[in-house]
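Below: the structure, in structure tokens.
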Amino acid sequence: MMTSLFSMFDPTAVTHIQINWMNMMLSIMIMPILMWKSLSRNNFLLNLVVTNLNKEFESLFNKNLLMKGSTLLMLSLFLFILTNNITSNFPYTFCCSAHLCFSFALALPIWLSIVLFLWMNMNKSMFAHLVPTGTPNLLMPFMVLIELTSNFIRPMALSVRLTANLIAGHLLMALLGTTLNFHSNLWVLILIIQMMFISFELMIGLIQSYVFSVLMTLYSSEMS
């Protein structure tokens, strides 16, 4: 029984192990793509999406940083977040992406590794980005502080964007679920609205995973 509206985001601990967090790995275990003899429609659609995303990420990456396999990290990030977002819309599932610790644990290491790599290999370019062209000498110290602050809050902004959108959608789904009453004359209308909203949430999960991976790519290109 749901004691609180936010209880769906509570990772219940069993024997000191948070079992609900294991939901993020279940989708990988139930998709044995390599075991199929021929390509299914799902595999064909997945290959089409990955191919188009790879072309887009290659166009977004800085040519100085683009090497063979550079887009694999962003593609894996997109597929991982997308799988978690979609599976969390089914009943009795746990939404890992709606937790800030999950999204921040994805954004911070990737962003930090990109920043450290650029500072170690392209330090002149990184220093040049701290002061925009044409900045007066009096404003240069303030511009450096502003640019550093904007760079440091990027992983937090990515995490909050992903978490807030999914929390809002799941809370609305929970509220709609409590209004469904089969003894009411409007239960058919409420059921149709719920089905439409679930379809909308599936699109939100796809869009948010795409935005997360694309912004991470753009951040690496802008800083270099």
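Go through (1) assigned to a helix (DSSP H, G or I); (2) in contact (Cβ under 8 Å) with a residue 40 or more places away in the chain; (3) more than 22 Å from Met74 (Cα to Cα) one by one and return the number of the condition Leu191 breaks.
Failed condition: (2).
Going through Thr71, Thr87 one at a time, which residue ends up being among the polar types (S, T, N, Q), modelled with pLDDT of 75 or more, farther than 18 Å from Leu172 by Cα and in contact with a helix residue (DSSP H, G or I) (Cβ under 6 Å, 6 or more places away or on another chain)? So that I can check it myself, show each step before the final result.
Values: Thr87 fails: farther than 18 Å from Leu172 by Cα.
Of Thr71, Thr87, the one residue that is among the polar types (S, T, N, Q), modelled with pLDDT of 75 or more, farther than 18 Å from Leu172 by Cα and in contact with a helix residue (DSSP H, G or I) (Cβ under 6 Å, 6 or more places away or on another chain) is Thr71.
So His170 clears everything in (1) closer than 30 Å to Asn123 by Cβ; (2) at pLDDT below 80; (3) surrounded by 18 or more Cβ atoms within 10 Å (Cβ to Cβ) except one condition, right? Which one?
Checking His170 against (1) closer than 30 Å to Asn123 by Cβ; (2) at pLDDT below 80; (3) surrounded by 18 or more Cβ atoms within 10 Å (Cβ to Cβ), the one that fails is (1).
Being in a helix (DSSP H, G or I), of a type in the set (A, V, I, L, M, F, W, C) and without any contact (Cβ under 8 Å) to a residue 60 or more places away in the chain narrows it down to one residue among Leu176, Leu218, Leu162; which is it?
Going through Leu176, Leu218, Leu162 in turn, just one is in a helix (DSSP H, G or I), of a type in the set (A, V, I, L, M, F, W, C) and without any contact (Cβ under 8 Å) to a residue 60 or more places away in the chain: Leu176.
Quick check on Asn151: is it closer than 13 Å to Tyr219 by Cα, under 24 Å from the mean Cα position of the chain (by Cα) and part of a helix (DSSP H, G or I)? Can you show your working first?
Values: closer than 13 Å to Tyr219 by Cα: yes; under 24 Å from the mean Cα position of the chain (by Cα): yes; part of a helix (DSSP H, G or I): yes.
The answer is yes for Asn151.
The values are calculated or read from the model by the stated rules, or taken from the named source; none is laboratory data. The structure displayed is predicted, hence computed values, not measured ones. Ideal geometry is used to build each Cβ from the backbone, glycine not excepted, and the neighbour counts take in all protein chains shown.
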